[in-house]
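*Asks:* Please read through the structure below; I'll follow up with questions.
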Amino acid sequence: MFRDRAKIYVEGGAGGNGSVSFRREAHVPRGGPDGGDGGHGGDVVLVADPSRRDLAALRFSPHHRAGRGRHGEGKQRHGARGEDDVIRVPPGTDVTGLEGRAYDLVEPGQRAIVARGGLGGHGNKRFTTSTRQAPRFAERGIAGESGWIELRLKLLADAGLIGLPNAGKSSLLARLTRAAPKVADYPFTTLEPVLGTIDDGDRQLVLADIPGLIEGAAAGAGLGHEFLAHVERCRVLVHLLAIDELQADGAAQAEALLSGYETVRGELEAYGAGLERLPEVVAISKRDLLPDNEAEALLATLRAGLGERAHAVLAISSATGTGLDQLTRTIFEVVPAEGDGRIAADERAEREPEFEAEHIVYAPTGGGFDVVREDDAFRVAGRGVEMLVARHDLTNLEALAYLEQRLREIGVIAALERAGFEPGDEVRIGAEAFELDPG
Ligand SMILES: Nc1nc2c(ncn2[C@@H]2O[C@H](COP(=O)(O)OP(=O)(O)OP(=O)(O)O)[C@@H](O)[C@H]2O)c(=O)[nH]1
Ligand SMILES: [Mg+2]
């Protein structure tokens, strides 16, 4: 079954720990520190892959974790970076990511890092200074980003076929393209969108057949207007109005077609994504059900009734093929050629995977912090300080001393003192609570 939505859990790999190690050589009694850094955790990455049709596969494997970074080792050996977890999604996938980040994967090969791996910790070698020549501590790696993200597929089609159920949309798609959608004489035959490609020898355009719309679709009637998301990216709508054999005469026929037209337009507007502003080609379908001499008069009545709203009004029959060439030409005419940012379908597939969906600057030591009283203690809140504390083992006295020094440099100690802190008071940062007694 076609799935155009998925919710998945993504988790970047944890960074590896830095190593505490000292050089050991046969004739050097006390070698210097040589602990290497931990590797960064791998990222969870989405990649647009045209061989994927929908998001169904993700429903069976909603959990995605990238590999953790390896720990650093002695002799300055740095840990390897964790492996990325790469998830393939069809082009047209919209993502609501962690912390409100949004990505739109459109071009084949486009990538989005949806969960960053954690940074690896520095080895003790990095903490060597003139006054601290043998640091017996290293940083811990930190956890990667994690959480649930939402994926929504909005198919990439140039032209969208819309109309009431049974209007003949699937029959038209089957006739114009190599797609083989199900066709039947009852409403709601099409339960999921189907794509097909039309070609004029020069350009290719993708046509989307979507489930029929009925009055109240916006409020959930029929299959609802869910599927209209798939025409959001279209450049033109092809609106089919089917001849009804049972109508008494030409006037009743015209009236029925126009009222059906308004129903669908009403739903497009109710959908609210500006679909009603797309150029529209109106096609009277099942023209073979109409005596030949009535077709022209009906077209004239519809053209008068629709006025400026329709880019063109034609009559077609998927059964006999009447009007199909003209319809194809009209669609190519309305969809602007390249040069407007839209790329022909065949070119799309050839593009090298090269660019990212969005670049995000990752700032592990992000700016400020706040100090607030919490019970008898003081809480320091701020991403940068929290990360700093998370990276150190506070049961290690040397690490604690280093941390105190850093907190002083950043201005945290001064801020604590302004808030009434006295040496020995409890301080809470992130998940850690400790007595701070800055020397
Ligand atoms: N006579 C005639 N019948 C047609 C023509 N096009 C479609 N039909 C018939 O109309 C019925 C509905 O056609 P579909 O193509 O399934 O219509 P649809 O708009 O895709 O319908 P839903 O998917 O249910 O919304 C089928 O029985 C078709 O055989 C046509 O040009 N002439
Ligand atoms: Mg159909």
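The values are calculated or read from the model by the stated rules, or taken from the named source; none is laboratory data. In this text the structure is predicted, and so the values were computed from the model without any measurement. Cβ: placed from backbone, ideal geometry, glycine included. Neighbour counts: every protein chain shown. We work out accessible area using only protein heavy atoms, side chains counted, and drop any ligands, DNA or RNA first. Shrake-Rupley method; radii C 1.70, N 1.55, O 1.52, S 1.80 Å.
*Asks:* Below 11 angstrom from the Cβ of LEU290, what's the summed charge of the other residues (Lys, Arg +1; Asp, Glu -1)?
*Replies:* -4
*Asks:* For ILE162, list long-range residues whose amide hydrogen, built 1.01 Å from N in the peptide plane, is under 5 Å from its own amide hydrogen.
*Replies:* Under 5 Å from the amide H of ILE162: VAL238, HIS239, LEU240.
*Asks:* Suppose every Lys and Arg Cβ carries +1 and every Asp and Glu Cβ carries -1, with no other charges. What dipole size does the chain come out with about its Cα centre, to the nearest 20 debye?
*Replies:* 1880
*Asks:* Across 5 Å bins from the origin, how do the percents of Cα pairs in region 39-97 run, short distances first?
*Replies:* Final binned percentages: 5, 16, 19, 20, 13, 9, 8, 5, 4, 1.
*Asks:* Here is a follow-up. How much accessible surface does GLU333 have with a 1.4 Å probe, in Å² rounded to 10?
*Replies:* In the full protein context, GLU333 sits at about 130 Å².
*Asks:* Treating only the Cβ atoms of Lys and Arg (+1) and Asp and Glu (-1) as charged, compute the dipole magnitude of region 1-109 about its Cα centre; round to the nearest 20 debye.
*Replies:* It comes to approximately 420 debye.
*Asks:* Right, here's the next one. In a GNM of the chain with a 10 Å cut-off on Cα contacts, which of ASP202, ASP43, ASP85 has the highest mean-square fluctuation?
*Replies:* Maximum fluctuation in the GNM of the chain, among the listed residues, is at ASP202.
*Asks:* Select from ILE142, ILE413, ILE243 the residue whose mean-square fluctuation is largest in a Gaussian network model of the chain (Cα-Cα springs shorter than 10 Å).
*Replies:* ILE413
*Asks:* Give me a comma-separated list of calculated 3J(HN,Hα) values for region 420-434, in order, Karplus coefficients 6.51, -1.76, 1.60 applied at θ = phi - 60°, integers in Hz, x for any Gly or Pro.
*Replies:* Calculated HN-Hα couplings, in order: x, 5, 10, x, x, 5, 7, 10, 10, 9, x, 8, 9, 10, 8 Hz.
*Asks:* Please work out how much length the chain gains when fully extended from GLN326 to ARG309, using 0.36 nm per residue of separation minus the C-alpha to C-alpha distance, in nm with one decimal.
*Replies:* My answer for the length gained is 4.2 nm.
*Asks:* Would you mind checking which residues have amide H under 5 Å from THR197's amide H? H placed 1.01 Å from N; only 5 or more apart, or other chain.
*Replies:* It is ARG178, ALA179, LEU207, by chain and number.
*Asks:* Amide H to amide H under 5 Å from ASP425: which residues, 5+ apart in sequence or cross-chain, H placed 1.01 Å off N in plane?
*Replies:* LEU436
*Asks:* Something else about it: If R0 is 56 Å, what FRET efficiency do you get for ARG408 and VAL86 from their C-beta distance, rounded to 0.05?
*Replies:* The calculated FRET efficiency here is 0.85.
*Asks:* If you don't mind, there's one more thing I want to ask. Would you kindly state how much longer the chain becomes between THR197 and GLU294 on full extension, computed as 0.36 nm times their sequence separation minus their alpha carbon distance, in nm to one decimal?
*Replies:* Stretched out fully, the THR197 to GLU294 stretch lengthens by 31.7 nm.
*Asks:* Moving on. Eigenvalues of the Cα gyration tensor times 5, then square-rooted: what semi-axes does that give for region 70-110, in whole angstrom, largest first?
*Replies:* 34, 13, 7
*Asks:* Using θ = phi - 60° and the Karplus relation 6.51 cos²θ - 1.76 cosθ + 1.60, list the HN-Hα couplings for region 5-15 in order, rounded to whole Hz, with x at every Gly or Pro.
*Replies:* Coupling constants for region 5-15: 9, 7, 10, 10, 9, 10, 9, x, x, 6, x Hz.
*Asks:* How much length is gained if the chain between GLU255 and SER51 is pulled fully straight, taking 0.36 nm per residue apart and subtracting their Cα-Cα distance, in nm to one decimal?
*Replies:* Result: 69.0 nm gained on full extension.
*Asks:* I've got another one for you. Using a 1.4 Å probe and counting only protein heavy atoms, arrange ILE410, ILE331 so the residue with the most accessible area comes first.
*Replies:* Listed by decreasing accessible area, they come as ILE410, ILE331.
*Asks:* Convert 37 °C to kelvin, take the viscosity as 0.692 mPa s, use the Kirkwood radius over C-alpha pairs of the chain as Rh, and evaluate the Stokes-Einstein diffusion coefficient in µm²/s, rounded to a whole number.
*Replies:* Taking Rh from Cα pairs, D becomes 125 µm²/s.
*Asks:* Compare the Cα positions of THR96, GLY69, SER130 along the charge dipole of region 57-164 (+1 at Cβ of Lys, Arg; -1 at Cβ of Asp, Glu; about the Cα centre) and return the one farthest towards the positive end.
*Replies:* The listed residue farthest towards the positive side: SER130.
*Asks:* Shifting gears a bit: Just to be sure I follow: if Rg is taken over the C-alpha atoms of region 365-430 and Rh is the Kirkwood radius over the same atoms, what is Rg/Rh?
*Replies:* Radius of gyration relative to Kirkwood radius: 0.93.
*Asks:* Moving on to the next point. With +1 on each Lys and Arg Cβ and -1 on each Asp and Glu Cβ, how big is the dipole of region 113-178 about its Cα centre, in debye rounded to the nearest 20?
*Replies:* The calculation lands at about 220 debye.
*Asks:* Moving on to the next point. For the ranges 161-174, 51-64, what's the packing order if you count other beta-carbon atoms within 10 Å of each residue, average per peptide, and put the highest first?
*Replies:* 161-174, 51-64
*Asks:* Something else: Per-residue HN-Hα couplings for region 135-146, Karplus 6.51 cos²θ - 1.76 cosθ + 1.60 at θ = phi - 60°, whole Hz, x for Gly and Pro?
*Replies:* The phi angles translate into x, 9, 8, 9, 7, 8, x, 10, 5, x, 5, 8 Hz.
*Asks:* Sticking with this structure for a sec: Among GLY16, LEU223, TYR186, flag the residue with its Cα farthest along the positive direction of the charge dipole of the chain, charges on Cβ as +1 for Lys/Arg and -1 for Asp/Glu.
*Replies:* In the chain, that residue is GLY16.
*Asks:* Quick check: net charge around HIS392, other residues with Cβ under 12 Å of its Cβ, Lys/Arg +1 and Asp/Glu -1?
*Replies:* -3
*Asks:* With r defined as the distance between the Cβ atoms of GLU435 and THR129 and R0 fixed at 30 Å, what FRET efficiency is calculated, to the nearest 0.05?
*Replies:* Here the calculated transfer efficiency is 0.75.
*Asks:* To the nearest 0.05, how large is the calculated FRET efficiency for PHE60 and ALA381 if R₀ is 35 Å and r is the Cβ-Cβ distance?
*Replies:* 0.35
*Asks:* Moving on to the next point. Would you calculate, for the chain, the mean residue ellipticity at 222 nm contributed by helices, counting each DSSP H stretch of 4 or more residues as -39,500 (n - 2.57) and dividing by all residues, to the nearest 500?
*Replies:* Counting only the DSSP helices, I get -6500 deg cm²/dmol.
*Asks:* Need the C-alpha centroid separation for region 48-126 versus region 297-330, integer Å.
*Replies:* 49
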